[in-house]
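Participant: Dropping the structure in here first, questions after.
Read-outs throughout are calculated quantities, based only on the coordinates presented, and are distinct from any laboratory measurement. On a predicted model such as this, the values are computed, not experimentally measured, just so you know. For neighbour counting, all protein chains shown are included, and Cβ atoms are generated from backbone atoms with ideal geometry for every residue, glycine included.
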Amino acid sequence: MKYSCFALLLLFFITLHTAPNIAVIGTGYVGLVTGPGLAEFGNQVTCADIDQNKIERLQQGEIPIYEPGLEELVQHNVQQNRLKFTHDVGAAIEEADIIFIAVGTPMGSDGNADLKYVQSVLKTISEHMNGFKIIVIKSTVPVGTGRWASYVLQNLGVQPDQFTMVSNPEFLREGSSVPDFLKPDRIVIGAESEQAHTTMNEIYSYAFAHDAQQINTNIETSELIKYASNAFLAVKLSFINEIANICDATGAQVDTVAHAMGMDHRISDKFLNPGPGFGGSCFPKDSQALICLAQKNGIHVPVVQASLTTNQIQKVKPIEKLKELLRAKKLNAKTVAVLGLAFKANTDDIRYSPSIDVIRILLEEYAQVKAYDPKAMDNMKHEMPNINYCDSIAEAVKDVDGVIIMTEWPEFKDLLDYIKYKKNKPVIVDTRNILDTKELKNAGFTYATMGNGTNQN
Ligand code: UGA
């Protein structure tokens, strides 16, 4: 992209002489950590969202999602006058030198990432351009989106020398996204110009001074780094889930297998915990989007495809195990406690949660479902209003035939305290391997794990 002398001078000025104003558009799981995180690095940030109600809550100090450490981070930066919230997205754009787009890119009906929210932000940007701006796409978007966004803006009448596009993907894990943002492994910046790289490196200078690795590259490479990372992790998870199933069939112990595998530095022990299949808004959606991208380019990606197929099979395993323990072909007339509704611990997010699949099957088979989760029940009530929500583990496991642990919330480790002395002990399916199998066995439980053995009395 060509720059006018004016734009280059302005960029130079922004980079070296003033703290740039940053607008973060979208206050979901990504934007609401990115904005306060950038403010914590010393930047001046406005978080904007069209959802007036959400912004009013944020202005009153109320955090609309559960994310450990976020409330303190927001409070601290608001107090320091580095962070504010507005639902006047246009005004935030006009004030900003750098605009981060952090809106959702959900999976469309064709498996592709749906860019309608990104497109809508681009339109708003085009209506409020009042000077040169760096436009950063933070949302996870298919390779080619940066280039596409540039065309969209120009079609909307924005002059090419009035903006430059940047890709700066996020690698935040829900539940630990605050420390992930503040102390990242790496910060990837894909840009078309040296000046944009320089300005972006400036706003992240605090993180670079504290050991974050820096990758400066072009936009397409940056966009693909995000998809390749998520798809690789999804493959790793499906792989260990397959190994866990082999362990179940052969008597091998997956914990030890994974531990020993992880001692090889080329493999690493991270992301080798088997479970009920991966969920969340990222792995299923991003793997699918990568498949679509490959297909569009005539490339076969059977490994990525297989990780999704394995994941679908894995999501049914908790039910298969429950039936095996109960020696039942169907689950009608059975009452089952589902402990954990969020797709993983430390979040209230239920998107693509394996618990949804499990509860659906239980309901299809006319089982009675009692559900408990420390943080995700409100979200699940919208998705599944007709199950019995309980206020505690104790209430959930009262008079049930079976208990399925779906999420690795620390409090579920104490499950046995609630059922150890019961005369009619429920069977237990521990899909996260958080219970002590020796203790389970000694207390006379009938149980199944994911690859760490089964005990059938
Ligand atoms: C994931 C990536 O880890 C982040 O780097 C990325 O930024 C994010 O997607 C995104 O694209 O926005 P997240 O979806 O929050 O983050 O959750 P993870 O902690 O990665 O877990 C994903 C799924 O894998 C969960 O269902 C979790 O229970 C499962 N998992 C994870 C396992 O079953 N075993 C493990 O060892 C680790």
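Participant: Order by neighbour count: Val336, Val141, fewest other Cβ atoms within 10 Å first, most last.
Facilitator: Fewest-to-most ranking of Val336, Val141: Val141, Val336.
Participant: So, one more: Could you give the size of the charge dipole of the chain about its Cα centre, using +1 on the Cβ of each K and R and -1 on the Cβ of each D and E, expressed in debye and rounded to the nearest 20?
Facilitator: Dipole size: approximately 1340 debye.
Participant: Can you give the calculated 222 nm mean residue ellipticity of the chain, where each DSSP H run of n ≥ 4 adds -39,500 (n - 2.57) and the sum is split over every residue, rounded to the nearest 500 deg cm²/dmol?
Facilitator: -13500 deg cm²/dmol
Participant: DSSP beta bridges in the chain, what fraction antiparallel, as a percent rounded to 5?
Facilitator: 10
Participant: Under a Cβ-Cβ cut-off of 10 Å, what is the net charge of the residues other than Leu73 that fall near it, where Lys and Arg count +1 and Asp and Glu count -1?
Facilitator: Residues close to Leu73 contribute a combined charge of -4.
Participant: Sticking with this one: Straight-line reach from Lys296: which lysines fall under 27 Å, measuring Cα to Cα and dropping same-chain residues less than 8 apart?
Facilitator: Lys116, Lys123, Lys138, Lys226, Lys236, Lys285
Participant: So which chymotrypsin sites (Phe, Trp or Tyr not before Pro) in region 274-378 end up in coil per DSSP with only 11 or fewer other C-beta atoms within 10 Å?
Facilitator: The qualifying sites are Tyr366.
Participant: For Lys330, list the aspartates and glutamates whose Cα falls under 15 Å from its own Cα; do not include residues on the same chain fewer than 8 positions away.
Facilitator: Output for Lys330: Glu320, Glu364, Glu365, Asp401.
Participant: Highest mean first, how do 250-262, 183-195, 26-38 rank when packing is the count of other Cβ atoms within 10 Å averaged over residues?
Facilitator: Averaged packing, sorted descending, gives the order 26-38, 183-195, 250-262.
Participant: Write down the Å³ per residue value for the convex hull defined by the alpha carbon atoms of the chain.
Facilitator: Hull volume normalised by residue count: 153 Å³.
Participant: I've got another one for you. Find how many whole Å separate the alpha carbon centroid of region 243-283 from the alpha carbon centroid of region 390-448.
Facilitator: 22
Participant: Run the dipole for region 54-160 about the Cα centre, Lys and Arg Cβ at +1, Asp and Glu Cβ at -1, nothing else charged, and hand back the magnitude in debye, nearest 20.
Facilitator: In total the dipole reaches around 280 debye.
Participant: In percent, how large is the relative contact order of the chain, given Cα pairs closer than 8 Å and 6 or more residues apart?
Facilitator: 12
Participant: Do any trypsin sites (Lys or Arg not before Pro) in region 198-289 lie in a DSSP loop with no more than 14 other beta carbon atoms within 10 Å, and if so, which?
Facilitator: Here the sparse-neighbourhood loop sites are Arg266, Lys270.
Participant: Which aspartates and glutamates, if any, have their Cα less than 13 Å from the Cα of Lys133, not counting same-chain residues under 8 positions apart?
Facilitator: Output for Lys133: Glu94, Glu95, Asp97, Asp161.
Participant: For Trp409, Trp148, which order do you get if you count the other beta carbons within 10 Å of each Cβ and list the fewest first?
Facilitator: Trp148, Trp409
Participant: If I require 30 Å or longer along the helix axis, counting alpha carbons, and a Kyte-Doolittle average no lower than -0.5, what helices from the chain are left? Use full DSSP H segments.
Facilitator: Correct list, ordered by number: 219-250, 302-326.
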